[in-house]
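To start, the structure under review is shown below, and the notes come after it.
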Amino acid sequence: MSTQRFKVKALSWAPYIEPVSVETASEEQLAAMQVTPSNTKVSPYVRTLAHDPESYVARTKLFNAIMYAKGGLDRAERELGALVASAVNRCVYCASVHARRYIELSGRSDVVEAIYLKGLDGPFEPRVQAIVDFCRSLSETPSRVTKDQAQALLDQGMSKAEIVDLIHAAAIFGWANRLMHTLGHSTPVETK
Amino acid sequence: MSDQIDILSGLEPASELYGIRRERPDFVQGTEICREAVLRPHAGFGITHSMRTALAARMARMVGLGELASTYEALLEDEGNALLAAIAAGDDLPSTADRFTIALVRHADLVTKSPRDCTRADIERLEEAGLTNPQIIALSELIAFVNFEARVIAGLKVLEEIA
């Protein structure tokens, strides 16, 4: 039997509007675009959002805090929350990025395979199921998330502080998906 | 000090979750900095603070967070403005509404309700209604912020209710 691991393809992203050009950017836009960790090459996504540098800078700081803050919820499970939100919102680009990060951090290509091939219904093992159900409700219609869904996370040993981290991870992808999926589209990675 | 998220999530200063939020100051303060950036930005690109607030109320209502909607509605300073009132209330727009405003509202409704259905044509509609690129981004960030905030509140609220 082959035990080939499920792989998610890397994608590129192209905006529907003309992004800011580094050559003609304002000082504020240039300063904003340097917020990213590697600033040698500014991605089309960053240059698109740099049309409004104030909101871009504020959101980037919040995003990094939520996804990378030390302590609290395991980073892999934050990525799973991001993946579930992206699956609900059909943000193919975000899903591919965060599916791959989740696999890198957790090794759980089986969970990603199930989500990609069968969707969010499961069944998954109890802890994954609890995360998927909670983040799915929150992403679909926030007012429909239930106490039982939060209780299921506690029952799986997640602390309240960790659940607060999970809420933020799913919520910040309610934000990111609403940019990435509406302002542009994923494209295959260009190979030379 | 309690902020809008605490109040609307039902977190009292004595509650465990209130304390847990304070252990993540970057989340708490970062959210408030984002709120300023999308609702009361320095550069509004011609989308007024009142219009942004009215749209926020509308979107909060659409996702089922009535109290969040009321909070935004109460911030509307221009109370006599029937157009803003209709937007905030989630009503259909009056027939006198201009196409720029119609486009803002249509996009906020669509991206709040079903972002998955958004296509290039929806961005082109904004361009046809006269929105500039900075306005398209500013609108998108506003829509996304309110959707983020609504989810944080809804999640904290159910967690707090467990006691």
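Just so you know, all these numbers are worked out from the coordinates, no wet-lab data involved. Since this is a predicted model, take the numbers as computed values, not measurements. All Cβ positions, even for glycine, are placed from backbone atoms using ideal geometry, and neighbour counts span all protein chains on display.
Listed values, structure above:
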| quantity | calculated |
| --- | --- |
| Segment A:75-90 versus segment A:171-192: alpha-carbon centroid distance in Å | 14 |
| Hull-based mean projected area of the protein assembly as shown, where the convex hull spans the alpha carbons, in square nanometres | 19.2 |
| Tilt relative to chain A, helix A:109-118 - C-alpha long axis, 0 to 90 degrees, to 10 | 90 |
| Set A:LYS41/A:LYS61; B:LYS113/B:LYS157; A:LYS70/A:LYS160; A:LYS118/B:LYS113; A:LYS9/A:LYS70; A:LYS70/B:LYS157 screened for pairs whose C-alpha atoms are more than 26 Å apart | A:LYS9/A:LYS70 |
| Highest-fluctuation residue, A:ILE115, A:ILE17, A:ILE163 considered, GNM on chain A with Cα pairs under 10 Å | A:ILE17 |
| Alpha-carbon centroids, segment A:41-72 and segment B:1-36: separation in whole Å | 21 |
| Other-chain or far-sequence residues with amide H under 5 Å of A:SER12's (modelled H) | A:THR187, A:VAL189 |
| Rounded to 10°, Cα long-axis angle of helix B:49-62 versus longest principal axis of chain B | 70 |
| Net charge, A:VAL8 excluded, C-beta distance under 14 Å - Lys, Arg +1, Asp, Glu -1 | +2 |
| Kirkwood Rh, Cα atoms: Rg over Rh of segment B:10-92 | 1.06 |
| Computed helical MRE - 222 nm, the protein assembly as shown, DSSP H runs ≥ 4 contributing -39500 (n - 2.57), nearest 500 | -20500 deg cm²/dmol |
| Karplus 3J(HN,Hα) series, Hz, for segment B:104-110 with 6.51 cos²θ - 1.76 cosθ + 1.60 (x for Gly, Pro) | 4, 5, 4, 5, 4, 4, 5 |
| Cα pair distances of chain B binned at 5 Å [whole percent] | 1, 9, 18, 20, 20, 14, 9, 6, 3, 1, 0 |
| Rounded D (µm²/s) - segment A:75-186, Kirkwood Rh over Cα pairs, Stokes-Einstein at 37 °C, 0.692 mPa s | 239 |
| Å³ per residue enclosed by the Cα convex hull of chain A | 141 |
| Residue order, fewest to most surrounding Cβ atoms within 10 angstrom, among B:LEU39, B:LEU142, A:LEU154 | A:LEU154, B:LEU39, B:LEU142 |
| Summed side-chain charge close to A:GLU77 - residues other than A:GLU77 whose Cβ falls under 9 Å, Lys, Arg +1, Asp, Glu -1 | -1 |
| 5 angstrom amide H check on A:GLY184, placed H, neighbours 5+ away | A:TYR16 |
| Disulfide-incompatible cysteines by the Cβ rule (no partner under 4.7 Å) in chain A | A:CYS135 |
| Top positive-direction residue, dipole computed over chain B with Cβ charges, set B:ASN147, B:SER2, B:PRO41 | B:ASN147 |
| Cα-centre dipole for chain A with unit charges at Cβ (Lys and Arg positive, Asp and Glu negative), debye to 20 | 340 |
| Dipole magnitude of segment B:4-162, debye to nearest 20 (Cβ charges: Lys/Arg +1, Asp/Glu -1, about Cα centre) | 340 |
| 0 to 90° range, to nearest 10: angle between helix A:53-68 axis and chain A longest Cα axis | 30 |
